[in-house]
Amino acid sequence: MSSTTPQPEGKARSAARRSGHKKGPATTARGAPDGHPAPGHHLSLLRRMLAIRRFEERCVELYSGAKIRGFVHLYIGEEAVAVGVNQALREEDAVVSTYREHGHALARGVSADAVMAEMYGRATGCSRGRGGSMHLFDATHRFYGGNAIVAGGLPLAAGLALADRMRGSTRVTCCFFGDGAFAEGEFHETANLAALWRLPLLLVCENNLYAMGTSLAREHAQTNLAMRAASYGMPAWTVDGMDVLAVEAAALRAAESVRAGNGPHFLEAQTYRFRAHSMYDPDRYRAKSEIEEWKGRDPLKGLAELMRSEGQLDDRVMEELDKEVLAEIDQSVQRAEKAPLEPVSDLLRFVTSETGGAA
């Protein structure tokens, strides 16, 4: 089986279907004391993924209409990873991301208004319009980028985790990165130090099989990334990144172990982006048949089908959900277009720190 062929359904997904998804701590914000999902939990997951999907689709329209500029890297197809992992994180935890981070930011709780305004380069954006698509940042949600350099977020995540360890905190730092980052020195330096110092770090590799236009098999002699990560002495395993329930279960297991003081953990989420690397990319390195095959495992459709089979979803509910999400995005676009640009007088603001702390 080639590295670009969708893998069979994982055990976690099958178990989730049989048991109603009972993994995780005895009592969480998501579940009842008996371990079962709280009523409406699956619908909440579906809504979160749908919100990311529709947001990204609107970005395509806005970019094509020259409303937003610069580089834009879409997350369409990978929504289950961001949503599933964030279910395992608490408000006090930290998240470090990549340049394909719209979904991570939204799943973390950064408002669509703040993200859309940032896409427009407006002062009401989460980075005051200074970062754009690749540099989303929101300290109130402990969302520390948006990093445009491949693997650039990994050392920053190690630093955040080290600070928490030195303070004796039980907070977890979660760092998202792609399979391309696995080939960078920053990953291996970070993995080594994290394991050596037993840092409270959750490393989430979103393996979408391509580092820009280079396939995994052409870049790595050994394509089992979880096995390679385990060589640093940390627990590491692979999860079906197209299945939000499987991702949630794996992330809960990993995050709670990290929180308990068991050092760093590594998750390889096997996923796939349905769109090109960026809006500039002609996407000539993948066969159309491969893309269509992966679309057959669309994470939104997969969860919706499960919910329909269990009587949790019908056409009316789905239509209302979609209408609600689209209305919210329409409002975010309208607010972004009316928002002010940062004044020229603030050009040098934040180059150096301000008395009383940064805004």
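The values are calculated or read from the model by the stated rules, or taken from the named source; none is laboratory data. Quick caveat: nothing in here was measured; it's all calculated off a predicted structure. Cβ atoms come from the backbone with ideal geometry, glycine included; neighbour counts cover every protein chain shown. These accessible areas exclude ligands, DNA and RNA; they are computed on the full protein's heavy atoms, side chains included. Shrake-Rupley method; radii C 1.70, N 1.55, O 1.52, S 1.80 Å.
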inquiry  = Considering only residues that are outside any strand (DSSP E or B), touching a residue at least 24 places away in the same chain (Cβ under 8 Å) and under 19 Å from residue 237 (Cβ atoms), which ones fall in the stretch 193-223?
reply    = 194, 195, 198, 199, 200, 208, 209, 216, 220, 223
key: Hits in the stretch 293-317 (condition: in contact with a Lys or Arg (Cβ under 9 Å, 6 or more places away or on another chain), open to solvent by 70 Å² or more (accessible area, probe 1.4 Å) and closer than 18 Å to residue 270 by Cα)   = 295, 301
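In the stretch 320-359, what count of residues is obtained for those that are β-branched (Val, Ile, Thr) and farther than 15 Å from residue 111 by Cα? Working first, answer last.
Restricting attention to the stretch 320-359, the residues satisfying the condition of being β-branched (Val, Ile, Thr) are 325, 329, 333, 344, 351-352, 355.
Then drop every residue that is not farther than 15 Å from residue 111 by Cα, which leaves 344, 351-352, 355.
Number satisfying all stated conditions: 4.
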query = Which of the helices (runs of 4 or more DSSP H) contained wholly in the stretch 94-192 include at least 2 residues that are under 24 Å from residue 211 (Cβ atoms) and hydrophobic (A, V, I, L, M, F, W, C)?
reply = 102-108, 153-167
note = Of the listed residues (111, 64), the one being surrounded by fewer than 23 Cβ atoms within 10 Å (Cβ to Cβ), more than 28 Å from residue 243 (Cα to Cα) and among the polar types (S, T, N, Q) is 64
query = Picking from 268, 290, 189, which residue would you name as being closer than 30 Å to residue 56 by Cβ and surrounded by fewer than 24 Cβ atoms within 10 Å (Cβ to Cβ)?
reply = 290
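Of all the residues that make up the stretch 216-256, how many are among the polar types (S, T, N, Q) and either touching a His at 6+ places or on another chain (Cβ under 7 Å) or within 19 Å of residue 46 (Cβ to Cβ) (or both)? Spell out the reasoning first.
Start the filter on the stretch 216-256 by keeping residues that are among the polar types (S, T, N, Q), which leaves 222-224, 231, 238.
Now restrict to residues that are either touching a His at 6+ places or on another chain (Cβ under 7 Å) or within 19 Å of residue 46 (Cβ to Cβ) (or both): none.
Counting residues in the stretch 216-256 that are among the polar types (S, T, N, Q) and either touching a His at 6+ places or on another chain (Cβ under 7 Å) or within 19 Å of residue 46 (Cβ to Cβ) (or both) gives 0.
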message = Any residue in the stretch 242-257 that is farther than 16 Å from residue 207 by Cβ and open to solvent by 10 Å² or more (accessible area, probe 1.4 Å) sitting within a Cβ distance under 9 Å of a residue that is of a type in the set (Phe, Trp, Tyr) and not in a helix (DSSP H, G or I)? List the pairs, counting only those 6 or more apart or interchain.
response = 253/237
key: Condition broken by residue 71, with the remaining ones in (1) open to solvent by less than 40 Å² (accessible area, probe 1.4 Å); (2) within 25 Å of residue 157 (Cβ to Cβ) satisfied   = (1)
Residue under evaluation residue 327, criteria (1) among the hydrophobic types (A, V, I, L, M, F, W, C); (2) surrounded by fewer than 12 Cβ atoms within 10 Å (Cβ to Cβ); (3) touching a helix residue (DSSP H, G or I) at 6+ places or on another chain (Cβ under 6 Å), criterion not met = (3)
note = Going through (1) open to solvent by 30 Å² or more (accessible area, probe 1.4 Å); (2) modelled with pLDDT of 95 or more; (3) touching a helix residue (DSSP H, G or I) at 6+ places or on another chain (Cβ under 6 Å) one by one, residue 12 fails only at (2)
task = Kindly check whether there is at least one residue in the stretch 99-106 that is of a type in the set (A, V, I, L, M), within 12 Å of the chain's Cα centre (by Cα), farther than 18 Å from residue 205 by Cβ and open to solvent by 10 Å² or more (accessible area, probe 1.4 Å).
result = yes
task = Being open to solvent by 30 Å² or more (accessible area, probe 1.4 Å), farther than 16 Å from residue 186 by Cα and part of a loop (DSSP other than H, G, I, E, B) is the filter here, so list the residues in the stretch 232-241 that pass it.
result = 233, 235
inquiry  = Looking at (1) in contact with a Ser or Thr (Cβ under 6 Å, 6 or more places away or on another chain); (2) surrounded by fewer than 24 Cβ atoms within 10 Å (Cβ to Cβ), which one does residue 273 not meet, given that it meets all the others?
reply    = (1)
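With basic (Lys, Arg) and either open to solvent by less than 10 Å² (accessible area, probe 1.4 Å) or at pLDDT 95 or above (or both) as the only criterion, which of 142, 130 stands out?
On the way: 130 fails: either open to solvent by less than 10 Å² (accessible area, probe 1.4 Å) or at pLDDT 95 or above (or both).
Going through 142, 130 in turn, the sole match is 142.
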message = When you check residue 196 against the structure, is it touching a strand residue (DSSP E or B) at 6+ places or on another chain (Cβ under 6 Å) and open to solvent by 40 Å² or more (accessible area, probe 1.4 Å), yes or no?
response = no
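Which residue out of 34, 93 is modelled with pLDDT under 95 and either closer than 14 Å to residue 252 by Cβ or of a type outside the set (Ser, Thr, Tyr) (or both)? Walk me through it before giving the result.
Values: 93 fails: modelled with pLDDT under 95.
Of 34, 93, the one residue that is modelled with pLDDT under 95 and either closer than 14 Å to residue 252 by Cβ or of a type outside the set (Ser, Thr, Tyr) (or both) is 34.
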inquiry  = Suppose we filter 293, 342, 337 for residues that are charged (D, E, K, R) and either at pLDDT below 95 or in contact with a strand residue (DSSP E or B) (Cβ under 7 Å, 6 or more places away or on another chain) (or both); which single one remains?
reply    = 342
